[in-house]
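J.: Below is the structure I would like to discuss, written out as structure tokens.
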Amino acid sequence: MLQQTTVAAVIPYFERFLARFPTLTELAAGEESDVLRLWEGLGYYSRARNLHAAARQIVAECDGQFPRDLDELHRLPGIGRYTAGAIASFAFNAPAPIVEANTQRLYARLLGDDRELKGTATQRTLWEFAALLVGAPSHGRSPSTMEDFGPGAVNQALMDLGATVCTPTAPNCPACPVVRWCAASAAHRQHEIPRLAARPVLTDLEDATVAIVDGPRYLLRRRPTGERWAGLWDFPRYTIPEGQGLSAVVTAGVLQQTGLQISLGPQVAEFKHGVTRYRITLRCFRGRWN
Ligand code: SF4
């Protein structure tokens, strides 16, 4: 839930989720639509689908026991290298490395690595460094002070250090507990490292949605697999191709999907929001069927 989302926003969702699904077995037995409903408003719905699918896989293949092994964790839906390392080290104190937004910046600066941060070779170096710090089996002993605390605490401390001291634009080197080992700071290059790739160009999209009202009832459509926000309920919504009339696209879309002939009424709202590399203007209309 915390991926790309603040703690404050997550807390009420987390509490409702645990109240409804207090155990892995109950989550596995739940319907995907229930899981998605509890997630509604948090965004990034693939997280909810993957969580549910992972619970089902653990019940089916691991007798309901959460795997501890990095490779087994990695085989679960939605669990990539970072999440596998975070679960293994935080939950089971296993010597598993993690590299995420805060630690990759911290490690690149400590190493003075000025290659493009997301490059394959850079990432390989950062993961190897992270493995060394926690004493991963393939990398021998970790530095002795690290061993005193255990991999879970070390990983969390390094993430906090990146988040609070070695920040993206204002690294506080004089207050940093690892300044004596930092190559970027020694070379006064902490503001140049890490090197980031240019941001992707955003594409503008115009979407239109229509609320078709029949007394107290609204026409809703469940978004099918393959569409963005698959599985969620939504008003009929369409992206308007450039050069095509909004009204024609919406009425033809509703007719094709529901068999209903509608007329578009007045626009009632307009929102701007971003999804991945798209900058979307959503225009909302009232409508009625004929
Ligand atoms: S010394 Fe400065 S650049 Fe180096 S890790 Fe600490 S805060 Fe970051």
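J.: Determine the equivalent ellipsoid of the range 126-225 by diagonalising the alpha-carbon gyration tensor, then write out the semi-axes as square roots of 5 times the eigenvalues, largest first, rounded to whole Å.
T.: 47, 22, 14
J.: Let me ask you something else. List every residue whose amide H lies under 5 Å from the amide H of Phe285, counting only residues 5 or more places away in sequence or on a different chain, with H placed 1.01 Å from N in the peptide plane.
T.: Thr209, Val210, Ala211, Val268
J.: Counting each DSSP H run of 4 or more residues in the chain as -39500 (n - 2.57), what helix-only mean residue ellipticity at 222 nm follows after dividing by all residues, to the nearest 500 deg cm²/dmol? Write down the numbers at each step before the final one.
T.: Details: 12 runs with 116 residues, N = 290.
The helix-only estimate for the chain comes to -11500 deg cm²/dmol at 222 nm.
J.: Using unit Cβ charges (K, R positive; D, E negative) and no other charged atoms, how large, in debye to the nearest 20, is the dipole of the chain about its Cα centre?
T.: The dipole of the chain has a size of about 680 debye.
J.: Sticking with this one: Between Val59 and Thr239, take the C-beta separation as r, use R0 = 41 Å, and let me know the FRET efficiency to the nearest 0.05.
T.: Numbers: r = 38 Å, r/R0 = 0.94.
The computed FRET efficiency comes out at 0.60.
J.: Moving on. In nm, to one decimal, how far is the modelled label at Ala29 from the one at Arg221, with both set 7 Å along Cα→Cβ?
T.: Between Ala29 and Arg221, the simple spin-label model gives 3.6 nm.
J.: With each pseudo-label sitting 7 Å past Cα toward Cβ, what's the Val249-Thr169 distance in nm, one decimal?
T.: In this crude spin-label approximation the distance works out to 3.5 nm.
J.: If you don't mind, there's one more thing I want to ask. Could you size up the charge dipole of the range 203-289 around its Cα centre, putting +1 on the beta carbon of Lys and Arg and -1 on that of Asp and Glu, and report it in debye to the nearest 20?
T.: Roughly 240 debye for the range 203-289.
J.: Moving to a separate point now. About its Cα centre, how strong a charge dipole does the range 87-177 have in debye, to the nearest 20, once Lys and Arg get +1 and Asp and Glu get -1 at the Cβ?
T.: Working: 6 positive and 8 negative charges, 29 e Å.
Dipole magnitude for the range 87-177 comes out near 140 debye.
J.: Hey, another quick one. With label points built 7 Å along Cα→Cβ from the Cα atoms of Ala198 and Gln256, find their separation and express it in nm.
T.: 3.5 nm
J.: Could I get the Rg over Rh figure for the chain? Both from C-alpha atoms, Rh via Kirkwood, rounded to two places.
T.: 1.07
J.: What angle do you read, to the nearest 10 degrees and between 0 and 90, between the alpha-carbon axis of helix 7-20 and the longest principal axis of the chain?
T.: Relative to the chain, helix 7-20 is tipped by roughly 70 degrees.
Since every read-out is calculated from the coordinates, none of them should be taken as a lab result. Small disclaimer: the values here were computed from a predicted structure and weren't measured. Backbone-built Cβ (ideal geometry, glycine too); neighbour counts: all protein chains shown.
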